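Some notes on the structure that comes next.
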Amino acid sequence: MKTNLIYAAFALLFCFAITSCEKSDNNPETVLENNLLRSAEKYAELVEKRNDGDFNIEDIKRNDNMLTITVKGGCNQDDFHVVWDGSIMFSSPGQINLVLNNKSQEDCGLEKQFDINVDLSKVVGKYDAKDFIFNVANGSKKQDKSLNPNGSVKIK
């Protein structure tokens with residue numbers, strides 16, 4: 001009798017485990033906007049291969065749900081895109097990891113300056129962007145900055 005009860009419990013637990021699992025996303029890269037991509041693999045790849053760099057992150061600011069990343073360097077504003085690793089850390093405050101990448105292979109020097117705007121509502125969804133720290137990594141060199149909920153910027 002005890003053995004049958006144990007088998008029944010394991011069968012019930014197994015059925016629960018199967019039905020409670022979410023299907024994995026078959027498309028690991030999701031374009032959220034023309035300059036915003038969600039991809040854990042691409043994020044890791046960009047952070048891993050950083051070297052001498054072809055642009056600098058000068059500043060990061062948030063205005064409601066709009067993140068503005070000011071960069072120096074690059075040829076064209078449209079060459080820049082942000083890759084989000086797809087995760088939201090619900091610590092206190094929450095944290096979101098982004099990396100800024102220059103898609104262009106051209107080296108145009110550090111003379112030009114651009115503002116790259118990212119709609120944070122595509123990342124935070126129903127949550128308030130003001131409640132999160134946004135960690136922004138430079139995809140060309142080790143230069144990371146974090147935008148705190150109070151608007152202050154921390155250099156890592």
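Report, by residue number, each residue of region 104-116 that is free of Cβ contacts under 8 Å to residues at least 12 places away in the same chain and not in a loop (DSSP other than H, G, I, E, B).
Within region 104-116, none qualify.
Of the conditions (1) at pLDDT 95 or above; (2) surrounded by 13 or more Cβ atoms within 10 Å (Cβ to Cβ), GLU41 satisfies every one except a single condition; which number is it?
(2)
Does SER87 qualify as being part of a loop (DSSP other than H, G, I, E, B) and in contact with a strand residue (DSSP E or B) (Cβ under 9 Å, 6 or more places away or on another chain)?
Answer is yes for this residue.
Search region 138-156 for residues being aliphatic (A, V, I, L, M) and open to solvent by 50 Å² or more (accessible area, probe 1.4 Å), and hand back the single one that is modelled with the highest pLDDT. If you could, list the steps in order and put the result at the bottom.
Here is the first cut: in region 138-156, the residues aliphatic (A, V, I, L, M) are 147, 153, 155.
Still in the list and also open to solvent by 50 Å² or more (accessible area, probe 1.4 Å): 153, 155.
Values: VAL153: 95, ILE155: 92.
Filtering region 138-156 for residues that are aliphatic (A, V, I, L, M) and open to solvent by 50 Å² or more (accessible area, probe 1.4 Å), the one modelled with the highest pLDDT comes out as VAL153.
Condition first: more than 23 Å from PHE132 (Cβ to Cβ), within 18 Å of the chain's Cα centre (by Cα) and surrounded by fewer than 13 Cβ atoms within 10 Å (Cβ to Cβ). Now tell me which residues in region 49-92 satisfy that.
LYS49
Specify which of the listed residues (ASN135, ASN101) is more than 13 Å from ASN56 (Cα to Cα), surrounded by 18 or more Cβ atoms within 10 Å (Cβ to Cβ), touching a Lys or Arg at 6+ places or on another chain (Cβ under 9 Å) and in contact (Cβ under 8 Å) with a residue 12 or more places away in the chain. So that I can check it myself, show each step before the final result.
Numbers: ASN101 fails: more than 13 Å from ASN56 (Cα to Cα).
Sole residue among the options that is more than 13 Å from ASN56 (Cα to Cα), surrounded by 18 or more Cβ atoms within 10 Å (Cβ to Cβ), touching a Lys or Arg at 6+ places or on another chain (Cβ under 9 Å) and in contact (Cβ under 8 Å) with a residue 12 or more places away in the chain: ASN135.
Would you list the strands (runs of 3 or more DSSP E) that sit entirely within region 117-156 and hold 1 or more residues that are acidic (Asp, Glu) and at negative phi? Before the answer, list the steps.
Working: elements: 132-138, 144-147, 153-155.
Of the strands (runs of 3 or more DSSP E) lying wholly inside region 117-156, those with at least 1 residues that are acidic (Asp, Glu) and at negative phi span 144-147.
The values are calculated or read from the model by the stated rules, or taken from the named source; none is laboratory data. Keep in mind the model is a prediction, meaning the values are calculated, not measured. Note that we place each Cβ from the backbone using ideal geometry, even for glycine, and neighbour counts take in every protein chain shown. Ligands, DNA and RNA are stripped out before the accessible areas are found, and what is left, the full protein with its side chains, is counted by its heavy atoms. Shrake-Rupley method; radii C 1.70, N 1.55, O 1.52, S 1.80 Å.
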